[in-house]
Amino acid sequence: MSHTSTLPGAPHLHYQNQELMLEGVSLNSLAKEHGTPLFVYSKASMLEALSHYKRGFEGRNARVHYAMKANSSLAILQLFASEGCGFDIVSLGELERALRAGGKAQDVIFSGVGKTRSEIKAALEHGILCFNVESAPELEVINEVALSLGKKAPISVRVNPNVDAKTHPYISTGLKGNKFGVAHEETLNLYAHAHQLAGIYIVGIDCHIGSQITTMEPYIDALNKVLDLVEQIESQLGIELHHIDFGGGLGINYHGETPPMADDLWKRLWSVIDARGFGNRLFMVEPGRSLVGNAGVCLSEIQYLKPGEQKNFCIIDAAMNDLPRPAMYEAYHAIVPLQKSVGAQANSVVYDVVGPVCESGDWIGRDRELSVLQGDLLAVLSTGAYCMSMSSNYNTRGRPPEVLVDQGQSHLIRQRESLEDQLRLESLIPTTP
C-alpha cells in the first residue's frame with residue numbers, strides 16, 4: 001500500500017510498501033547501484049519550489065537569480081538556466097560553472113566581500129549584469145579595473161540595513177557586526193562617490209539579510225529601509241536606480257519550521273512596494289536554499305552500532321566532509337531508514353548518528369530514535385543545499401556521487417570522486433640518492 005508521509009524534506013519523498021521512494025524511484029535501489037554515501041535530488045521538488053517564486057512574480061517586473069553557492073552541480077544549474085533563471089555568484093569559478101551549464105553572463109550578479117582584481121576583470125570581459133559592491137575599497141578597485149579595460153562596470157551597492165533575521169549567527173548577514181554590505185548610514189555617501197567615478201555605471205541597489213529566515217517581519221523591515229534609501233538616492237543625488245535586488249534567505253522545513261511560501265511572502269511585500277509607489281520597478285531575488293534544500297537526500301549505510309554507558313552510537317559511512325552543516329551550525333537534519341521495519345517503534349533505540357571522520361565534531365544527528373541493524377541504509381533529509389557544495393576531502397575521503405531523479409528516471413550527474421582524482425594535482429619532491 002502506497003501513502004504519502006509527512007516527512008520533512010522533498011515534497012515527492014514518501015514510503016511505499018515500507019520502502020522510501022523519491023519521485024517514484026526506490027532509494028534503496030539507487031544506493032545499491034551507486035553505493036553510499038550518495039546524494040539524490042528530486043527535479044520535481046526543485047521545480048515546485050521555483051513555481052512559488054514564479055507565482056509570486058506573476059504580472060510583475062521581477063526576476064529570479066539562483067544563488068548557486070547553495071548547490072553548484074552543473075545539472076542543477078542547467079535546470080534553473082532552462083527555467084529562465086539568472087544566477088547569483090560569489091567567485092569566478094561559479095561564473096564559469098554557470099556559463100558551462102547554459103547560463104548567460106548578462107544574467108549573472110556577482111556578490112561577495114572579497115572579489116579579486118582578476119575575478120573583476122574576467123567578469124567585466126564576460127559582460128555580467130551587475131556587481132553587488134560590499135565596501136568602499138571594493139568600489140575603487142572595480143573602477144580601476146574597468147578603466148584599465150576601457151569599460152564602465154555596472155554596480156549596485158549592497159546595503160546592510162541592520163535588521164535581525166533571527167537566524168543562526170553564522171548565516172546572519174544584515175547586522176552591523178556582520179562582514180557583509182555597506183552600513184545603512186554610509187550608503188548615500190558611497191552612491192554619491194560612485195556617481196563621480198568614470199569607470200562605474202550605477203544600475204541598482206542590493207540587500208540580503210541572512211539565510212534560513214522563517215518569518216516575514218525581517219523582510220518587511222529591510223524592504224522599508226531599502227525603499228527609504230532609494231527615495232533618498234534618487235531625490236537627493238539624482239541617480240536613477242534601474243533595479244532593486246532583495247537577496248534571498250527564505251528558510252525551509254528542516255525540523256518543523258514553517259517559513260512562508262515564496263508567493264505568500266511576495267504577496268505581502270508587493271503590498272508594501274505598491275503602497276510606496278515602486279510597483280513598476282524591476283525587482284530581483286537571489287534564492288538558494290529555498291529552491292534546492294528540501295529537494296535532496298543523502299543516503300548512507302550503517303557501519304556499526306556501538307552501545308555505551310552514556311550514549312549509543314550509530315556509525316554511518318557519511319561524515320562531516322559530506323554533510324558539514326551539523327558540525328558547522330549544529331544544524332538539524334531528519335534521519336530515517338530506507339526500509340521501515342514492522343514494530344519499529346517498540347524496538348527502537350536512541351542513538352547519536354555519527355560519521356567515521358576522526359573528529360568528535362563529526363556528528364550528523366544527536367539523540368535520534370531508530371530501529372535499525374548494522375548494514376541498514378539511512379536517508380539524511382533536506383540535504384540539497386550547503387552539503388555537496390561545502391563538502392571536502394578531509395581524511396582523504398572522496399566526495400559522493402550525485403543522482404537526479406525525474407519522473408521515475410534517475411540520472412547520474414556526478415561520479416564518485418576517486419583517490420586518483422584527489423591526488424592528481426599533487427607531487428612528491430625529488431629525493432637525493
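The values are calculated or read from the model by the stated rules, or taken from the named source; none is laboratory data. All values reported here derive from a predicted model rather than from experimental measurement. Glycine gets a Cβ as well: all are built from the backbone with ideal geometry, and neighbour counts include every protein chain shown.
Conditions (1) more than 19 Å from residue 315 (Cα to Cα); (2) surrounded by 14 or more Cβ atoms within 10 Å (Cβ to Cβ), marked per residue:
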site: 334; (1), (2): no, yes
site: 361; (1), (2): no, no
site: 374; (1), (2): no, no
site: 379; (1), (2): no, yes
site: 395; (1), (2): no, yes
site: 403; (1), (2): yes, yes
site: 419; (1), (2): yes, no
site: 432; (1), (2): yes, no
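Pick from 62, 49, 146, 75: which is out of contact with any His (no Cβ under 6 Å at 6 or more places or on another chain) and closer than 23 Å to residue 194 by Cα?
Criteria check complete, one pass: 146.
Yes/no matrix, rows are residues, columns are (1) out of contact with any Leu (no Cβ under 6 Å at 6 or more places or on another chain); (2) in contact (Cβ under 8 Å) with a residue 40 or more places away in the chain; (3) not assigned by TED's automatic domain parsing to the domain that holds residue 139:
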{"site": "189", "(1), (2), (3)": "yes, no, no"}
{"site": "208", "(1), (2), (3)": "yes, yes, no"}
{"site": "243", "(1), (2), (3)": "no, yes, no"}
{"site": "261", "(1), (2), (3)": "yes, yes, no"}
Expected single match for buried (at least 21 other Cβ atoms within 10 Å of the Cβ), over 16 Å from the mean Cα position of the chain (by Cα), outside any strand (DSSP E or B) and not hydrophobic (A, V, I, L, M, F, W, C) among 321, 347 is 321
Q) Of the residues that make up the stretch 41-48, is at least one closer than 25 Å to residue 105 by Cβ and in contact (Cβ under 8 Å) with a residue 60 or more places away in the chain? A) yes
If you go through 83, 125, 119, the only one that is among the acidic types (Asp, Glu) and under 20 Å from the mean Cα position of the chain (by Cα) is 83
Restricting the stretch 16-63 to residues that are on the phi > 0 side of the Ramachandran plot and in the same structural domain as residue 340 (by TED's automatic domain parsing), the one surrounded by the most Cβ atoms within 10 Å (Cβ to Cβ) turns out to be 23
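Would you point out which residue out of 155, 209 is of a type outside the set (Lys, Arg), out of contact with any Lys or Arg (no Cβ under 7 Å at 6 or more places or on another chain), modelled with pLDDT under 95 and under 17 Å from residue 88 (Cα atoms)?
Every option except 209 fails the conditions.
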Margin query: Can you say whether residue 147 is farther than 21 Å from residue 63 by Cα and either buried (at least 21 other Cβ atoms within 10 Å of the Cβ) or at pLDDT below 95 (or both), as far as the supplied structure shows?
Written below: no
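Criterion first (over 21 Å from residue 32 (Cβ atoms) and assigned to a loop (DSSP other than H, G, I, E, B)) does residue 361 satisfy it?
Values: over 21 Å from residue 32 (Cβ atoms): yes; assigned to a loop (DSSP other than H, G, I, E, B): yes.
Answer is yes for this residue.
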Residue hits (the stretch 201-245; part of a loop (DSSP other than H, G, I, E, B) and surrounded by 22 or more Cβ atoms within 10 Å (Cβ to Cβ)) are 208, 209, 211, 212
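Yes/no matrix, rows are residues, columns are (1) surrounded by fewer than 24 Cβ atoms within 10 Å (Cβ to Cβ); (2) over 26 Å from the mean Cα position of the chain (by Cα); (3) not acidic (Asp, Glu):
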| position | (1), (2), (3) |
| --- | --- |
| 271 | yes, yes, yes |
| 274 | yes, yes, no |
| 284 | yes, no, yes |
| 290 | no, no, yes |
| 306 | yes, yes, yes |
| 310 | yes, yes, yes |
Of the listed residues (20, 30, 77), the one being touching a residue at least 40 places away in the same chain (Cβ under 8 Å) and assigned to a helix (DSSP H, G or I) is 30
